[in-house]
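Q: Structure in structure tokens, see below.
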Amino acid sequence: MNAFVKDSFNEGHLRSILATVPDAMVVIDDRGRILSFSTAAERMFGFSQAEVVGENVSLLMPSPDRERHDSYIERYRQTGQKHILGTSRVMTARRRDGSTFPIELSVGEAKTPEGRVFTGFIRDMTERQSVERRMHELQNELARVARVSAVGSLTTALAHELNQPLAAITNYMEAAQELVDTKDADPEDLRDAVSSAAEQALRAAKIVSRLREFIARGEVSRRTESLKKLVREATALALLGSGKHEIEMCVALDPRADAVNVDGVNVQQILFNLVRNALDAMEDAPLKRIEIRSRPAAGDMIQLTISDTGPGLSAEMADNLFEPFRSTKRSGMGLGLSICRTLVEAQGGRIWAEPRKEGGSSFAFTVPLAQPVNA
Ligand code: ADP
């Protein structure tokens, strides 16, 4: 090294360079004692260099690494077997206040006149993880939007298609009525008209079942998801799009049963539909309150209940609530609940509605848990 370089790299200079690097640097000796702690490390961990120099580096780790770190170093000293040296890995670190956070750690080794030292470069991954999480959320949202609009445009096309058999049925039935009123009408003609009408009705039914198949079409890809997260996102989306603000939303989920084995987009779609229906139902209600609760159900399932303070189910709907194209709303398609049923059943669950003692209605459905819940 020439004199200039040697002089420049005094300790103060080195520290000032390291202070500008976002990665934290921690140097330890071969007994795990901290020799130096960069400014970025001070910021990241909440300790000052003066507090930690001479302390064991395990101070910066949560259990079980905290207890095991000495033996990791000891093993390396005895066997020379490298585990983390020369590579980088993602692990968890511990701040002064005991909170933990994800880091990427790379460790290098150097021999100095005072002995062997290890230098760790540490990158805080919190930011990157939250970016990844957000990306994942956006992808989910996108998938949902794509599905909703696919169903939307398909429904428009189908409504168009359905008009044909329905118009034909009306014509055949009118003809049949005329024949009934005609004295010498040929019974054969009457039979023809009625059976043609029946044929058209079957055709209409087929069109409807095609729609249900499309929605359910083997797109279920199940993974372990957090119910809390699914509920939070779905309710946020449902409220966001509704433009309603005076809604009281009460969410009480059983913390023992959070991990579910589901297609996340499907479950969000179900929740979204049910919350939107509840909002619609409470349009004129004096008290607008939605409650979402969960509790373990038989067969390693979890039951989610969405209750509202609306007028409750109308008698005309009560019997065939989940049938497609049944609606009491002026611009309703009557598809929401039918889609919900298809999605719930595709994941092995059940969906039903019940009146509430205190007024309003409750919709409940079950989804499979990722692990059984201990009573
Ligand atoms: P849409 O919302 O297009 O009408 P749905 O299948 O989602 O289709 O709902 C069908 C019908 O069920 C609604 O029109 C309404 O009469 C009834 N319904 C659904 N949810 C509720 C609720 N929370 N309270 C009262 N009635 C409801």
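The values are calculated or read from the model by the stated rules, or taken from the named source; none is laboratory data. Only a predicted model underlies this, so the values are computations on that prediction, with no experimental measurement involved. All Cβ positions, even for glycine, are placed from backbone atoms using ideal geometry, and neighbour counts span all protein chains on display.
Listed here are the residues, each with its yes/no results for (1) at pLDDT 90 or above; (2) over 19 Å from D124 (Cα atoms); (3) surrounded by 15 or more Cβ atoms within 10 Å (Cβ to Cβ).
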position: S8; (1), (2), (3): no, yes, no
position: A19; (1), (2), (3): no, no, no
position: D29; (1), (2), (3): yes, yes, yes
position: E67; (1), (2), (3): no, yes, no
position: Y72; (1), (2), (3): no, yes, no
position: T79; (1), (2), (3): no, yes, no
position: K82; (1), (2), (3): no, yes, no
position: V90; (1), (2), (3): no, no, no
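Q: If P355 satisfies all but one of (1) over 22 Å from A238 (Cα atoms); (2) away from the ligand (no atom under 13 Å from the Cβ); (3) free of Cβ contacts under 8 Å to residues at least 60 places away in the same chain, what's the number of the condition it fails?
A: Failed condition: (2).
Q: Does S338 satisfy being surrounded by fewer than 21 Cβ atoms within 10 Å (Cβ to Cβ) and near the ligand (Cβ under 9 Å from one of its atoms)?
A: no
Residue-wise test of (1) modelled with pLDDT of 80 or more; (2) under 20 Å from L343 (Cβ atoms); (3) in contact with a His (Cβ under 6 Å, 6 or more places away or on another chain).
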residue: A197; (1), (2), (3): yes, no, no
residue: V208; (1), (2), (3): no, yes, no
residue: I215; (1), (2), (3): no, yes, no
residue: G218; (1), (2), (3): no, yes, no
residue: R222; (1), (2), (3): yes, yes, no
residue: K228; (1), (2), (3): yes, yes, no
residue: E233; (1), (2), (3): no, yes, no
residue: L240; (1), (2), (3): no, no, no
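Q: Anything in the range 281-298 that is buried (at least 16 other Cβ atoms within 10 Å of the Cβ) and not hydroxyl-bearing (S, T, Y)? List them, or say none.
A: Within the range 281-298, A281, M282, K288, R289, I290, E291, I292, R293, P296, A297 qualify.
Q: Given the criterion among the β-branched types (V, I, T), in contact (Cβ under 8 Å) with a residue 12 or more places away in the chain, within 16 Å of the ligand (Cβ to nearest atom) and touching a Pro at 6+ places or on another chain (Cβ under 9 Å), identify the matching residue among T305, T309.
A: T309
Q: Out of all the residues in the range 109-135, which are assigned to a strand (DSSP E or B), surrounded by fewer than 16 Cβ atoms within 10 Å (Cβ to Cβ) and of a type in the set (A, V, I, L, M)?
A: The one that is assigned to a strand (DSSP E or B), surrounded by fewer than 16 Cβ atoms within 10 Å (Cβ to Cβ) and of a type in the set (A, V, I, L, M): A110.
Q: If K229 satisfies every condition in (1) buried (at least 20 other Cβ atoms within 10 Å of the Cβ); (2) farther than 19 Å from F363 by Cβ but one, which is the exception?
A: (1)
Q: From the list A175, A167, A150, pick out the single residue that is modelled with pLDDT of 65 or more and surrounded by 12 or more Cβ atoms within 10 Å (Cβ to Cβ).
A: So the residue among A175, A167, A150 that is modelled with pLDDT of 65 or more and surrounded by 12 or more Cβ atoms within 10 Å (Cβ to Cβ) is A175.
Q: Determine if the range 323-334 includes at least one residue that is surrounded by 19 or more Cβ atoms within 10 Å (Cβ to Cβ), touching a residue at least 12 places away in the same chain (Cβ under 8 Å) and near the ligand (Cβ under 9 Å from one of its atoms).
A: yes
Q: What pairs can you find where one residue is in the range 50-75 and without any contact (Cβ under 8 Å) to a residue 12 or more places away in the chain, the other is among the polar types (S, T, N, Q), and their Cβ atoms are less than 9 Å apart, with a gap of 6+ or different chains?
A: Within 9 Å, the pairs are E67/S58; R68/S58; R75/Q81.
Q: Among the residues that make up the range 365-374, is at least one of them surrounded by fewer than 16 Cβ atoms within 10 Å (Cβ to Cβ) and either without any contact (Cβ under 8 Å) to a residue 40 or more places away in the chain or within 16 Å of the ligand (Cβ to nearest atom) (or both)?
A: No, that holds for no residue.
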